[in-house]
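Step one of this worksheet: look at the structure below.
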Amino acid sequence: MAKARRRSTRTNAAKSPEHDADSDTGETSAKTEQPNRADDDKCPACKDDKDDAATVAEKESWVRCDACKTWYHWRCAGDGGDLERIDKWFCKECLEKNPSRTVTFKPPARKSARKRTQLDYANLNSGLESDPNRWMLMLQGKTIKDDDFPRMKGSEVDLEWLEGNEDALRQPIVIPEPEGLGLKMPSPDLSIDEIAEVVGEDHPVEVIDVASQSNVPGWTLKKWAEYYDTDPQKRDKIRNVISLEISGTKLGDMVLPPKLVRDLDWVEKFWPHTKKGRGHAYPKVQLYCLMGVAHAWTDWHIDFAGSSVYYHVLRGAKVFYFIRPTPSNLAAYERWSGTDMQSNTWLGDMVDEVIKVELTAGNTMIIPTGWIHAVYTPVDTLVFGGNFLHSYNMATQLRVREIEIATHVPKKFRFPFFAKLCWYVGEKYLRDLKAREEFSSRVLESIEALADFLVSESRTMERGTEQAKRGAKDQVPGDRVKDAPALARELRWRVQQAQGHLSEDEGEGDPRLKRKRSEGGPIFRHFKPRSWDKVLEKPEETVQKIVKGHKPPEEDTWDTDWVDRLDESAMEGDGDELELRRRRDIVVKFRKTGKGLERQRIERLVERWQWVGPHEASGVKTEQSPAAPSSAEAPPAKAEMNGGS
């Protein structure tokens, strides 16, 4: 669902008889109309020699021009060379149009004394790599772990669970029964014909050829329904539909995501309601209908922008294979994605482990941010689900977006209006932070990652190329954001302050910095700090006395022990004499608000504990350092504690 599509390799393209080229996306696409076998066996360079064509048709090799993307018989256009040595190839017409183009060859393979398995190229060219079952053949002999993911009741999956459980939304969860989840679904008896009728029989649908994992153009819901209803033994190919978005349709009115999803979904929470619905361009990713036939396979992928997924099996069954989104696993996925390894390497061999989850009719699963997964369909299956971004793992969402850019995922397969949505989210969180709203540490970490992303977008507007500047500015919603760079930098400053990384007294250790800041005014354009109506500084309280207490032990845990001792009585005992010096500062601030009064009471407590000898302890009345010890004496032990409330 909402899979971020990778560029299909040349090898994959060459093996599928349905492929045609798509020069914009770098993906291959399939021909839908094949009038007769004779036409299929012809290329633009073919000669009218029917006898010769008939004798070689079964062992034909094809090559695609890397400029015009047209397919040719190698025997017609290859000048008798070795096809396996070709790296980049251009047809005669493209070479004449641009003489700078050159046919290049692969570097010679490194010779090794070791014996190696010989590939049967004849069988490969005859179509074994177009076998849809080859994906399951890769699974044979692989180590796959059964899942231990939580099984939960629908009523348990709520915001209280999310805020109170550190592991919430960090691993997939399965809800066996939908009761209490706040989910609405059509009847399990809903047929594919009925789906075509309510959505529109002429509605276009993206169909995937399972063998090649590429799109097959030209399909409508009516044509898909006819294919789906065909006897499984008579289906010419295994195909799959995973991206039919149904928002704004009668079918979409029958589906409602789980309540937790609606509570977290950025599009639901932050995209203006006046800019959603018919006639508006907005991220339509919340409602998908997935229709897979038996033996369909969706290869390894991460949902676009690392978005999380809710997934409800209306009827049928699904088998998921998961890989955790650890930094090393994501790096392996990035190396594998969009390369020749896709067609001949099991991604599970490059990561720490693969986890298997089986779902049946009535099950719902929530997949968190960034989990790499592949999906197998054992029987004809109907699923409803959707994607959502949220504020509990923004860093991983951004990491997946970086992978999409690095692996050249076409923009049409990325999360729509991603940057614009981030600006809406950032603008709302800035208003909340100004109003002193409180957030959990996980949300604050996500806001900080969001702020860093928006600052990088601002730098692109300020320092990027002209094209990059235009692209970044076009994503800023002018109805909410008037000064994007100022908003991004203020958001970053305020979230750092909310996390305790900054304070209102920041810079007090360097008087020059503090004086420069106060003279220069606000550090953000259009930002005016709220003023206080009255500020009271109470007189400083100082205490100095001699008590008895135990010295800190020499172990590494002494600092923890002292932090826990907040009460002076807990310090005192039968130990050595020590000198206690305490200073307390209190500042109280008042101001009127729209609904009443706001008061801040800031208290700073500084304590110094110094162990001294008996002759030094007597008569200590002033802030003086003890006499310097002789060379034979150990220096006095000191402990300093800062506290505040």
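Could you say whether any residue in the stretch 215-236 is touching a residue at least 40 places away in the same chain (Cβ under 8 Å), within 28 Å of the chain's Cα centre (by Cα) and buried (at least 16 other Cβ atoms within 10 Å of the Cβ)? Looking through the stretch 215-236, at least one residue is touching a residue at least 40 places away in the same chain (Cβ under 8 Å), within 28 Å of the chain's Cα centre (by Cα) and buried (at least 16 other Cβ atoms within 10 Å of the Cβ). Contact map, the stretch 73-96: first residue more than 19 Å from Lys47 (Cα to Cα), second residue hydrophobic (A, V, I, L, M, F, W, C) and outside any loop (DSSP other than H, G, I, E, B), Cβ cut-off under 8 Å, separation 6 or more or different chains; pairs are Leu83/Val63; Leu83/Trp74; Arg85/Phe105; Ile86/Val63; Ile86/Phe105; Asp87/Phe105; Trp89/Val63.
Condition check: closer than 29 Å to Ser391 by Cα, of a type outside the set (S, T, N, Q) and under 30 Å from the mean Cα position of the chain (by Cα). Does His295 satisfy that? Judged against the criteria, His295 is not a match.
For Pro178, state whether it is touching a residue at least 60 places away in the same chain (Cβ under 8 Å), touching a helix residue (DSSP H, G or I) at 6+ places or on another chain (Cβ under 7 Å), closer than 30 Å to Thr369 by Cβ and of a type outside the set (A, V, I, L, M, F, W, C). Judged against the criteria, Pro178 is a match. Tell me yes or no: at least one residue of the stretch 255-269 is out of contact with any Leu (no Cβ under 9 Å at 6 or more places or on another chain), touching a residue at least 24 places away in the same chain (Cβ under 8 Å) and assigned to a loop (DSSP other than H, G, I, E, B). Within the stretch 255-269, none of the residues are out of contact with any Leu (no Cβ under 9 Å at 6 or more places or on another chain), touching a residue at least 24 places away in the same chain (Cβ under 8 Å) and assigned to a loop (DSSP other than H, G, I, E, B). Only one entry in Gly386, Gly348 is touching a strand residue (DSSP E or B) at 6+ places or on another chain (Cβ under 9 Å) and at pLDDT below 95, namely Gly348.
When residues in the stretch 239-265 are screened for being on the phi < 0 side of the Ramachandran plot, surrounded by fewer than 21 Cβ atoms within 10 Å (Cβ to Cβ) and not charged (D, E, K, R), 7 of them pass.
Looking at Leu347, Leu330, Leu314, just one residue is under 20 Å from Phe413 (Cα atoms) and of a type in the set (A, V, I, L, M), and that residue is Leu330. Put simply, of Gly277, Gly248, Gly252 the only residue that is in contact with a strand residue (DSSP E or B) (Cβ under 9 Å, 6 or more places away or on another chain), without any contact (Cβ under 8 Å) to a residue 40 or more places away in the chain and assigned by TED's automatic domain parsing to the domain that holds Leu169 is Gly252. From the list Tyr282, Tyr311, the one residue that fits, being of a type outside the set (A, V, I, L, M, F, W, C) and assigned to a strand (DSSP E or B), is Tyr311. Taken over the stretch 236-254, the criterion of being polar (S, T, N, Q) and outside any strand (DSSP E or B) is satisfied by Ser247, Thr249. Checking Val293, Val313, Val354, Val379 one by one, the residue that is within 18 Å of Val210 (Cα to Cα) and touching a Ser or Thr at 6+ places or on another chain (Cβ under 9 Å) is Val293 and no other.
A quick yes/no check of all residues on (1) surrounded by 21 or more Cβ atoms within 10 Å (Cβ to Cβ); (2) closer than 13 Å to Ile367 by Cβ; (3) touching a helix residue (DSSP H, G or I) at 6+ places or on another chain (Cβ under 6 Å):
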{"residue": "Thr274", "(1), (2), (3)": "no, no, no"}
{"residue": "Gly277", "(1), (2), (3)": "no, no, no"}
{"residue": "Val285", "(1), (2), (3)": "yes, no, no"}
{"residue": "Asp299", "(1), (2), (3)": "no, no, no"}
{"residue": "Ile302", "(1), (2), (3)": "yes, yes, yes"}
{"residue": "Ser307", "(1), (2), (3)": "yes, yes, no"}
{"residue": "Ala331", "(1), (2), (3)": "no, no, no"}
{"residue": "Trp336", "(1), (2), (3)": "yes, no, yes"}
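Summed over the stretch 416-455, residues that are at pLDDT below 95 and polar (S, T, N, Q) total 2.
For the stretch 466-481, the tally of residues that are of a type outside the set (Val, Ile, Thr) and touching a residue at least 40 places away in the same chain (Cβ under 8 Å) stands at 5. Would you check if there is a residue in the stretch 320-337 being under 23 Å from Arg239 (Cα atoms), assigned by TED's automatic domain parsing to the domain that holds Asp147 and modelled with pLDDT under 95? There is at least one residue in the stretch 320-337 that is under 23 Å from Arg239 (Cα atoms), assigned by TED's automatic domain parsing to the domain that holds Asp147 and modelled with pLDDT under 95.
Residues that are buried (at least 17 other Cβ atoms within 10 Å of the Cβ) and not aliphatic (A, V, I, L, M) within the stretch 171-197 comprise Gln171, Pro172, Gly182, Pro186, listed in sequence order. Applying the criterion of being among the polar types (S, T, N, Q) and closer than 21 Å to Asp189 by Cα to the residues of the stretch 363-381, the residue that is surrounded by the fewest Cβ atoms within 10 Å (Cβ to Cβ) is Asn363. Screening the stretch 575-610 for residues that are in a strand (DSSP E or B) and at pLDDT below 80 and picking the one that is surrounded by the most Cβ atoms within 10 Å (Cβ to Cβ) gives Leu578.
Looking across the stretch 456-472, the residues that are buried (at least 17 other Cβ atoms within 10 Å of the Cβ) and within 17 Å of Trp493 (Cβ to Cβ) come down to Glu457, Ser458.
For the stretch 402-430, the set of residues classified as of a type in the set (A, V, I, L, M) and either more than 18 Å from Gly338 (Cβ to Cβ) or surrounded by fewer than 22 Cβ atoms within 10 Å (Cβ to Cβ) (or both) consists of Ile403, Ile405, Ala406, Ala419, Leu421, Val425, Leu430, listed by residue number.
The values are calculated or read from the model by the stated rules, or taken from the named source; none is laboratory data. Values in this document were obtained by computation on a predicted structure and should not be read as measured data. Note: ideal-geometry Cβ built from the backbone for every residue, glycine included; neighbour counts use all protein chains shown.
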